[in-house]
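**Q** I have a structure here, written as structure tokens, and I will follow up with some questions on it.
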């Protein structure tokens, strides 16, 4: 049963990029969890790249080259539009890999940019902050990437700073301090957890620390390596041409089957090595999910940053070129089309080496290529 705010009698026109109307008529418009349906036309929210409204008409820019206009909604116009935007935005949060495992704290505000204040919803998860502009792509800031979280008085807002970006959340009204507190509390909770588990300070979610900044690096690798990955660690560390890194990541796409390490690792956390080999950066998950080894042709800082921005979600990285073809049945198509960290990592992937009897040979071939 579709709730009343999600359905209304309407007229519709579906046109192509040249403006030629391909389908039109009058029918009931229904907002589902994943798509808008009007009569014979169904538009997935993953393909609804923009929503605009004027003169009691709702226009959706439909990927790859169409436009759907819904009109004559009568008294249902405002409630239907509000619900459409809400459901569409949440579907695209998941489509852009910016969702979490738990429900977030939600704050209504705006993002300050050179163009002014853009209305946005701010979702604070245990692992990251997702910004959902009113008519733009959602994006996330991992808590582990935040270097500064502070309030700002002019204009009033919350400033989130990383090593590569500055975000100001404005127009929070009386909830400004609550927004800052929610982010700070979660970031500090992650820091305390990592310090307790590791026994050292300085680690943050998703960011690897180089060998020179860690006490007893080799012993740490041994403590946090699953027995199945210990031989791989030795091979990779022997191949390193610069200091390798070890890090911890709270996973948002956890696997049922986990590789356990001698040390106690919290649920849904993984331990990773990033090893520079010449112009390559090699990623190995040494505890947590039974993941393949990834070889990237890129600087280790840039690779680590993009992995952190993806929150180490591996499913879209693991797609073959055939599986990554953009089509209506590809659940990853929005991220593949528009998520820049994913696009960058896929473009520099040299090899994905499966852990089987041919791993040593496959890795050797990849790092010599």
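Computed from the coordinates by the stated procedures, all read-outs in this text should not be read as laboratory data. Remember, predicted model here, so these are calculated numbers, not experimental data. Using ideal geometry, Cβ is built from the backbone for each residue, glycine included, and neighbour counts are taken over all protein chains shown.
**Q** Measuring from label point to label point, each 7 Å out along Cα→Cβ, what is the residue 263 to residue 113 span in nm?
**A** Between residue 263 and residue 113, the label points sit 4.0 nm apart.
**Q** Continuing with this model, one more query. Say R0 is 41 Å: what FRET efficiency, to the nearest 0.05, do residue 52 and residue 256 get from their beta-carbon distance?
**A** Values: r = 42 Å, r/R0 = 1.03.
Step by step, r from the Cβ atoms, then E = 0.45.
**Q** I need to check one value: relative contact order of segment 39-93, counting alpha carbon pairs closer than 8 Å and at least 6 residues apart, in percent. Write down the numbers at each step before the final one.
**A** Numbers: 53 pairs, mean separation 15.8, N = 55.
Relative CO of segment 39-93 lands at 29 percent.
**Q** What are the principal axis extents of the Cα atoms in segment 184-304, in Å, biggest first?
**A** 39, 29, 26
**Q** While we're on this one: Give me the number: length gained by fully extending residue 164 to residue 193, i.e. 0.36 nm times residue separation minus the C-alpha to C-alpha distance, one decimal in nm.
**A** Values: separation 29, 0.36 × 29 = 10.44 nm, distance 2.51 nm.
In short, 7.9 nm is gained.
**Q** Moving on to the next point. Kirkwood hydrodynamic radius, computed over distinct alpha-carbon pairs, for segment 72-165: how many Å, to one decimal?
**A** On the way: mean 1/r = 0.0686 Å⁻¹.
About 14.6 Å for segment 72-165.
**Q** Shifting gears a bit: Given q = 0.13, 0.14, 0.18 Å⁻¹, what are the Debye log10 I(q)/I(0) values for segment 209-368, with equal point scatterers placed on the Cα positions and solvent ignored?
**A** -0.59, -0.69, -1.15
**Q** Once you have all Cα-Cα distances for segment 36-126, histogram them in 5 Å bins from zero and send the whole-percent values.
**A** Taking every Cα pair in segment 36-126, the percentages come to 3, 11, 19, 22, 20, 15, 9, 2, 0.
**Q** Can you give the convex hull volume per residue for the Cα atoms of segment 1-159, as a whole number of Å³?
**A** Expressed per residue, the convex hull around the Cα atoms of segment 1-159 is 143 Å³.
**Q** Something else: Once label points are set 7 Å from the Cα along Cα→Cβ at both residue 135 and residue 299, what is their separation, rounded to one decimal in nm?
**A** Rounded to a tenth, the inter-label distance reads 3.7 nm.
**Q** Under a plain spin-label model, where a point goes 7 Å from the Cα along Cα-to-Cβ, how far apart in nm are residue 16 and residue 152?
**A** Spacing of the two 7 Å Cα→Cβ label points: 4.6 nm.
**Q** Next question. Compute the projected area of the convex hull of the Cα atoms of segment 240-313, averaged over all viewing directions, and report it in nm² to one decimal place. Could you put the intermediate results ahead of the total?
**A** Numbers: hull surface 19.1 nm².
The orientation-averaged projected area of the Cα hull of segment 240-313 comes to 4.8 nm².
**Q** Apply 1/(1 + (r/R0)^6) to the Cβ-Cβ distance of residue 228 and residue 340, taking R0 = 25 Å, and write down the FRET efficiency to the nearest 0.05. Numbers along the way, then the final one.
**A** Values: r = 33 Å, r/R0 = 1.33.
The pair residue 228/residue 340 has a calculated efficiency of 0.15.
**Q** So, one more: Quick check: convex hull of the Cα atoms in the chain, volume per residue, rounded to a whole Å³? Before the final figure, lay out each step's value.
**A** Values: hull volume 61.6 nm³, N = 369.
Convex hull volume per residue, Cα atoms: 167 Å³.
**Q** Between segment 285-359 and segment 93-128, what is the separation of their alpha carbon centroids in Å?
**A** 24
**Q** If I fit a long axis through the Cα atoms of helix 77-95 and take the longest principal axis of the Cα atoms of the chain, what angle between them do I get, 0 to 90°, rounded to 10?
**A** Around 20 degrees separate the two axes.
**Q** Let me ask you something else. Taking Rh as the Kirkwood radius, which is the inverse of the mean 1/r over Cα pairs, what is the Rg/Rh value for segment 290-345? If you can, show how the numbers build up before the last one.
**A** On the way: Rg = 11.6 Å, Rh = 12.0 Å.
In segment 290-345, Rg relative to Rh is 0.96.
**Q** How high is the FRET efficiency between residue 216 and residue 185 when r is their beta carbon distance and R₀ equals 30 Å, given to the nearest 0.05?
**A** Details: r = 31 Å, r/R0 = 1.03.
Calculated value: 0.45.
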